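The values are calculated or read from the model by the stated rules, or taken from the named source; none is laboratory data. These numbers come from a predicted model, not from an experiment. All Cβ positions, glycine included, derive from the backbone under ideal geometry; neighbour counts span all protein chains shown.
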Amino acid sequence: MSYDKKEMPRRTIQGLLDEKIAYSLREIRDGVVNSGAELEAKLHGRVGWFVNDTLKRLEQHKVRIAFVGQVKAGKSSVINAFMKRPDFLPTDINPSTAVITKIHFGSNEHPANTALFHFFTEQEWDGLFGQLEPRDTNQFTLRSLPNARRTLDVLKQRARDRLGPDYAQFMGRHHLFSAVTPEIMESYVSTGQFSNKDLTLQQKLFSDVTRMAEVFLDENPIFYPSVLIDTPGVNDLFFVRDEITRANLADADVYVLVLTAQQPLSRSDIALLRLLRGLKRDRIIAVINRIDTLTDIETEGSRLKEYVSVTLKRELPHANIPVILTSALWANSALRESPFAIEGLINREFINYASYCGAGDLLTGSHGCDPAEVVSRYGKALFTASGMESLADRINRLIATSIVEEQLLPGSSTLAAISHNSATATRYGMQNLVPNLNATRKGASHSQSLKESALESTERLEKFVNEFEQLLWQLQKNWKIYAEAEIRRLEAYLTDAVERFSNAQAYLLFQDAKHSSFQADLFENTLIFRSDLAELISRHYNDVCRDLFEKQRDGEAEIRRVTKKIMPTIDSIMQFGMRPSKSSPVYVIPLAKATVFEVDDFWQHEILSSADPFQKKSDDLKSVIFSAFRPIIKEIVDSANLGLELTIDEIVRHLRVFVVSSLFPVLKQLQQFEDLDKTKPDEIQRAEFLRTFVDDNKKAVEFFENKHKEIIDLKKMCFAV
């Protein structure tokens, strides 16, 4: 039997990703966009612009999946297996990934298989270290900065050594490659070893000056526009890369935390999880990689999975984080299709585990087959046991949830409400204006009758608009007063929490006269403190947002009350679309910033070598901790305040658009009446106008109703997915 090298990986990979779901999501999105575009052309400018913004968000939406974890956890290897390119991202250098790498699928920004590498400017490089700059004149902190800056100086010197005397010419620029290869990726995203200055451009290592790598590929493993984000380790020895990682985490929709079987869940991992929980609470997956290093894979793997699950439940009781056992080595070896590599992995431990995973038949049924078929079956067994199918299944579920909840449902609900309101208002205008027009046939002066009809309707609308705008202004004012009070309360609580933490750590330092374990204890306590603050901030912010969404419902009721008083036919059937069920996450990433008191040199020069009395050291430490956290708290509070302001502005914008969508058709009809009045029509012209007016508005009602039905059907499809 001949061995088709391409058959096994493609069939396996396509089987593990639910293409049907992805196709359904694209179909729904395209349907909403097409219906919305037709609707936009019939709407008033302000409402049309709003619809256009909604459609742009849908068209440009990409799913972002971030792979995070400690150094050498195997993140790049897992990504390689996931996107069926086993050697694309470098994995053999320690540590391999030093640069945020974004891999785009289904993007129109650049042609497929190209790469764009962005370099730091000198200001950006220094800005990474700016987190350690003092915000006051605390001399204890000022003395520590020169020592702490050594980390950045090492990074800069290494860049000079690698890139030669002209290294500065790269700063602030970028390199674009029309064809990307693994060798090019290694030069820009891997730390590697020190390079000789005489190497060619392609051979030089640019990772020290590369701010971000963007790669554009085809053969999308998700079948929906997406971005896979590979990150440096969050416990990188160079805290600069650690800071870059944490600063980019807020961009993702789904997080895959990659752990290792050797160290399945450290305090650093727990702290990172709490930060991620503040961003996307329900879209985290924990992966235990390198199960191939275990002796008894089934038994030890089950224990590891149970340990991680129990620990996550204890540390994050409200989270529901799935835990998956994986081996990127098995998956990538299967994808490479190397008979030597594949056969080298088939040992007794693997055979037992493969049987446990349901892949035993692929192994036991290979007796008597030709060598190529044996290798093919072994490769399928390796991939099945690797856990990549389970990982892809979980990612697909979370992706579908993200797309439906954050894009398709809100978008379709908004467009459905606008089309419904437009149909209702058009019908309202016909019911109230056409009878008045007909009345002119019974002897009244047609000019006078039309003037009175238009004037009465115009006055009613003007009164409604005035009352509505006054109501909306008052609602917005009240909501902002409420949000500002909550922000002040949050800031006061955080400041108090930092002060209590500073006092507690200073007291512990005073108690530990030899400082034998205090540095490690402080780092541990600081991780826990940051995590607790992240949970607290996210919970408070989300509670305030939920209150604002409830107040939005109250605002809708108030608008209906005003409408009922002035335009009673419309109020009971006016729609406002779907209110958000959750807010955009608050920006808690500043909590991950490195601080002076966490740098080793700080302890060497200011604590261990200091001859100051213990009380003086304790007081100084308390001052340093408080000074370090104060700007972090301010940055988070300012961000939360801006987030709430934007949330309120968006609520007000939504309410105004939905009301305008109910008024515009009537205003358009009144304008037609005014234009008719100016022409001084005779009876024949008036009859022709009436006939055209009725026909056009019936068509408009039919159009809006059809659009409403189309979009509602698409909305129902979201729930089916």
Query raised in the report: Taking residue 645, is it within 30 Å of residue 560 (Cα to Cα) and at pLDDT below 75?
Result: no
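For every residue, the table says whether it meets (1) surrounded by 20 or more Cβ atoms within 10 Å (Cβ to Cβ); (2) under 30 Å from residue 302 (Cβ atoms); (3) among the aromatic types (Phe, Trp, Tyr); (4) in contact with a Cys (Cβ under 9 Å, 6 or more places away or on another chain).
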{"residue": "320", "(1), (2), (3), (4)": "no, yes, no, no"}
{"residue": "329", "(1), (2), (3), (4)": "yes, yes, no, no"}
{"residue": "358", "(1), (2), (3), (4)": "no, yes, no, no"}
{"residue": "387", "(1), (2), (3), (4)": "yes, yes, no, yes"}
{"residue": "399", "(1), (2), (3), (4)": "yes, yes, no, no"}
{"residue": "418", "(1), (2), (3), (4)": "yes, no, no, no"}
{"residue": "425", "(1), (2), (3), (4)": "yes, no, no, no"}
Report task. Spot the failing condition for residue 427; the list is (1) within 30 Å of residue 295 (Cα to Cα); (2) at pLDDT 75 or above; (3) of a type outside the set (Val, Ile, Thr); (4) more than 38 Å from the chain's Cα centre (by Cα), and only one is missed. Result -> (1)
Query raised in the report: Within region 45-60, is there a residue that is surrounded by fewer than 18 Cβ atoms within 10 Å (Cβ to Cβ) and of a type in the set (Phe, Trp, Tyr)?
Result: yes
Query raised in the report: under 22 Å from residue 35 (Cα atoms), within 36 Å of the chain's Cα centre (by Cα) and surrounded by 14 or more Cβ atoms within 10 Å (Cβ to Cβ), is that true of residue 701?
Result: no
Report task. Within region 234-266, count every residue that is at pLDDT below 65, of a type outside the set (S, T, N, Q) and part of a loop (DSSP other than H, G, I, E, B). Result -> 4
**Report entry** Pair list, Cβ < 9 Å and 6+ apart or interchain, from region 475-487 residues that are surrounded by 15 or more Cβ atoms within 10 Å (Cβ to Cβ) to residues that are among the aromatic types (Phe, Trp, Tyr)
**Finding:** 486/541
Query raised in the report: Looking only at residues in region 162-194 that are modelled with pLDDT of 75 or more and charged (D, E, K, R), which one is nearest to residue 626 (Cα to Cα)?
Result: 173
Report summary line: Those residues of region 336-366 which are touching a helix residue (DSSP H, G or I) at 6+ places or on another chain (Cβ under 6 Å), modelled with pLDDT under 85 and in a loop (DSSP other than H, G, I, E, B) amount to 359, 366
**Report entry** Selection status of residue 267, in contact with a strand residue (DSSP E or B) (Cβ under 8 Å, 6 or more places away or on another chain) and charged (D, E, K, R)
**Finding:** no
Query raised in the report: Within region 30-71, can you find the residues that are of a type in the set (Phe, Trp, Tyr) and free of Cβ contacts under 8 Å to residues at least 12 places away in the same chain?
Result: 49
Requested in this report: Only residues that are within 28 Å of the chain's Cα centre (by Cα) and of a type in the set (A, V, I, L, M, F, W, C): list them for region 22-48, please.
Outcome: 22, 25, 28, 32, 33, 37, 47
